[in-house]
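Below is one structure; the comments refer to it alone.
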Amino acid sequence: MNYVCIDGGGTKVQAARVKINSSNSIDIIEPIIERKYLEHKSYNPNFIPISIDDQKRNHPILDIESHQGMVIIKTIVQIIKDLNDDGDIKIAIAMPGEKTSDKRGIKIMKNGPRMLNFCKELEAQIPNLVKPIIQIENDSKMCGLGENIHNKGSFRNIKNGYYLGGGTGLAECLKLNDNIFDINEIKDWIGKAWELKNANGYDFETLSSLKGINKLINKGKKKDIAIGIADLILERITTVHHGWEDQFIIDRKLKQKHPYLNNYLDRIIIGQQLSIFLGSDNDGIEIFNTILNTFESKLKALNGQIKDFYLDKNSLKSDFIVLSKLRKSPLVGLGSTILKLNE
């Protein structure tokens, strides 16, 4: 039996076979294969997703969306075939976007086409698939699970934390009282980054994803990026500790009270391509240092317990905001979900 984990993104997909020793011991079998959707001969480089507002209104799927969705599915099918040796196969897959009620389709996708029958269409093209796909996993949550399971994961040995991973879009999740939540699971009291806008009109996915960051750097707005990420981190800390305070613009109402009030976040993890960028590029290092300095200054301006918890002798604790090197975290997280297939 081959177990294959697939992590799909806005522009590419990566996948690998996994060996499952237990729910807390998942080994990735090299190689990890990565393929860009644009490499497919039928990829449409001129495709632009319809507006989020139209997607929320369930605007009919356009032919151009159906075409681009099939390109994504065919790319995933090919990568599965590359990893499978024609034996029986079970898969777990994560994709961005808001899922349909049965969690087998994608009804809202900011950086790609909607695919309402994603699982059904994918299953029809995979030879030797032993069981249907239970659901499309949330890519953000898989990153958090991977950071929690892997022996080098940054969620290990802490009770509460926030994960921010940037690529084409954004992956974010929270660890609260030792449980991993994607934002969709707790959205009644906390906003998703792409929903939140600052006073300058930027949403926080634009300020935190590599796609948005590259555009802002070209406009000479490196400081805006750093301030935006620092603001997002501070909002996560304060919203967890004492609830939403209307500090940013969002087009829905959030509850002020929630089950995790008075908790402190032990660590902020920056992962995926955002981590690589902030840790290696000249612009990235400059922006990362500005994030740290800006965040520290914002903490110093506060009063009370939050300020005292996060500052050590009036300086930010050195291990509070970390850059994760665990690029394969979503694949590790997906490995843990494959255990469901054996139940």
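The values are calculated or read from the model by the stated rules, or taken from the named source; none is laboratory data. Not measured: the values here are computed from a predicted model. Note that each Cβ is placed from the backbone with ideal geometry, even for glycine, and that neighbours are counted across all protein chains shown. We work out accessible area using only protein heavy atoms, side chains counted, and drop any ligands, DNA or RNA first. Shrake-Rupley method; radii C 1.70, N 1.55, O 1.52, S 1.80 Å.
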Within region 266-317, restricting to residues that are in a loop (DSSP other than H, G, I, E, B) and touching a strand residue (DSSP E or B) at 6+ places or on another chain (Cβ under 8 Å), the one that is nearest to Gly165 (Cα to Cα) is Asp266
Selection over region 305-329 where residues are surrounded by fewer than 14 Cβ atoms within 10 Å (Cβ to Cβ) and of a type outside the set (D, E, K, R) yields a count of 4
Against the condition among the aromatic types (Phe, Trp, Tyr), closer than 23 Å to Arg156 by Cα and open to solvent by less than 70 Å² (accessible area, probe 1.4 Å), how does Tyr264 come out, does it pass?
yes
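This table checks each residue for (1) out of contact with any Lys or Arg (no Cβ under 8 Å at 6 or more places or on another chain); (2) in contact (Cβ under 8 Å) with a residue 60 or more places away in the chain.
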| position | (1), (2) |
| --- | --- |
| Gly165 | yes, yes |
| Ile180 | no, no |
| Asn198 | yes, no |
| Tyr202 | yes, no |
| Lys211 | yes, yes |
| Glu235 | yes, no |
| Val240 | yes, yes |
So the strands (runs of 3 or more DSSP E) completely within region 1-117 holding 3 or more residues that are free of Cβ contacts under 8 Å to residues at least 40 places away in the same chain and either surrounded by 15 or more Cβ atoms within 10 Å (Cβ to Cβ) or under 23 Å from the mean Cα position of the chain (by Cα) (or both) are 25-36
Taking region 149-188 and the residues there that are of a type in the set (S, T, N, Q) and either more than 17 Å from Ser25 (Cβ to Cβ) or at pLDDT 95 or above (or both), the one that is most open to solvent (accessible area, probe 1.4 Å) would be Asn179
The one condition Ser280 fails out of (1) more than 22 Å from Gly220 (Cβ to Cβ); (2) free of Cβ contacts under 8 Å to residues at least 40 places away in the same chain is (1)
Residue hits (region 118-132; open to solvent by less than 20 Å² (accessible area, probe 1.4 Å) and more than 29 Å from Ser209 (Cα to Cα)) are Ile126
In the set Tyr3, Tyr37, Tyr43, the lone residue that is more than 22 Å from Asn111 (Cβ to Cβ) and either modelled with pLDDT of 95 or more or aromatic (Phe, Trp, Tyr) (or both) is Tyr3
